[in-house]
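Here the structure is laid out as structure tokens; the discussion comes afterwards.
The values are calculated or read from the model by the stated rules, or taken from the named source; none is laboratory data. These numbers come from a predicted model, not from an experiment. Backbone-built Cβ (ideal geometry, glycine too); neighbour counts: all protein chains shown.
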Amino acid sequence: MGSKTDVQINKVVEAIKADIIIGRLRPREHLVEDDIMAKFDASRHIVRTVLANLEQMGLITRRPNKGAVVRDFSVQQVEEIYDVRVILQAEAARRLPMPADPETIADLNAIHAQYCTALDAGRLIDVNILNDAFHRRIWQTCPNKYLADTIERLWVETTGIRWYGVGDMALLSHSRSDHQRMIEQLQAGDRNGFVALAVDHILPPLEAFRRAHGVTAPTPAANDIPQSKVP
């Protein structure tokens with residue numbers, strides 16, 4: 001168990017991260033140290049550690065004499081990040097042990113049940129936390145931990161992009177259906193179906209981002225991505 005300081009740092013990091021995801025904090029919005037100190041009853045040392053952690057996660061940027069702002073992305077950056085995410089998600093999905101073991105399926109069903117409860121209650125912050133937990137549990141089974149860690153890093157780094165679709169109940173309902181299908185595919189050993197869904201599932205926020213910026217661009221399907229030769 002971490003110290004009280006570590007616990008408080010993590011609590012503030014997660015709170016600010018959630019605010020970015022649900023759109024309370026928008027791209028280029030300033031994060032003022034004094035405001036954060038007052039809101040969370042935290043020392044300046046803790047707040048500066050929080051900001052350093054958020055910067056390391058790719059959620060904010062800090063510049064000398066200008067302070068911290070929520071990270072913004074250019075259209076090109078978003079397209080390139082999602083190009084990489086599509087490749088990594090598809091490759092990791094091809095490497096997962098299938099069918100998944102009973103413990104993994106039980107864990108995913110439990111998380112999914114909590115996700116559905118939170119979604120029905122409109123608790124968007126809890127929905128986000130449980131969504132992260134669901135996908136993290138899946139990629140924990142990937143035998144290549146470097147691949148799984150890279151997926152996790154890019155997932156966190158694109159937090160500021162995901163808010164574009166976070167309040168869309170139709171998209172959230174679709175996500176609920178996707179999660180149930182993923183569990184069924186993992187349990188049945190339907191690798192081809194899971195590879196396709198693992199890619200399709202991450203695209204709605206990208207499409208919402210494109211619409212917001214007046215951009216249209218084709219996204220590669222999982223079957224169009226060259227497969228690596230895994231010995």
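For residue 146, the criteria (1) without any contact (Cβ under 8 Å) to a residue 12 or more places away in the chain; (2) more than 26 Å from residue 59 (Cβ to Cβ) hold in every case but one, which is (2). Whether a residue is in contact with a strand residue (DSSP E or B) (Cβ under 8 Å, 6 or more places away or on another chain) and hydrophobic (A, V, I, L, M, F, W, C) was assessed, and residue 130 does not pass this test.
For region 29-80, name all the residues that are on the phi > 0 side of the Ramachandran plot and free of Cβ contacts under 8 Å to residues at least 12 places away in the same chain. Of everything in region 29-80, those that are on the phi > 0 side of the Ramachandran plot and free of Cβ contacts under 8 Å to residues at least 12 places away in the same chain turn out to be 41, 65. Among the residues making up region 51-84, those that are farther than 19 Å from residue 36 by Cβ and hydroxyl-bearing (Ser, Thr, Tyr) are 74, 82. Being at pLDDT below 90, in contact with a helix residue (DSSP H, G or I) (Cβ under 6 Å, 6 or more places away or on another chain) and surrounded by 13 or more Cβ atoms within 10 Å (Cβ to Cβ) is a property that holds for residue 71.
Just to confirm my filter: which helices (runs of 4 or more DSSP H) fall fully inside region 32-139 and include at least 3 residues that are under 18 Å from the mean Cα position of the chain (by Cα) and of a type in the set (D, E, K, R)?
Details: elements: 33-40, 44-56, 75-95, 102-120, 124-139.
Hits in region 32-139: 75-95, 124-139.
Figure legend. Inter-residue proximity from region 121-143: first residues at pLDDT below 90, second residues of a type outside the set (Phe, Trp, Tyr) and in a loop (DSSP other than H, G, I, E, B), beta-carbon distance below 6 Å, spacing 6+ or different chains. Indicated pairs: 124/22. Screening 223, 192 for residues that are polar (S, T, N, Q), farther than 26 Å from residue 124 by Cβ, in a helix (DSSP H, G or I) and modelled with pLDDT under 95 leaves exactly one candidate, 223.
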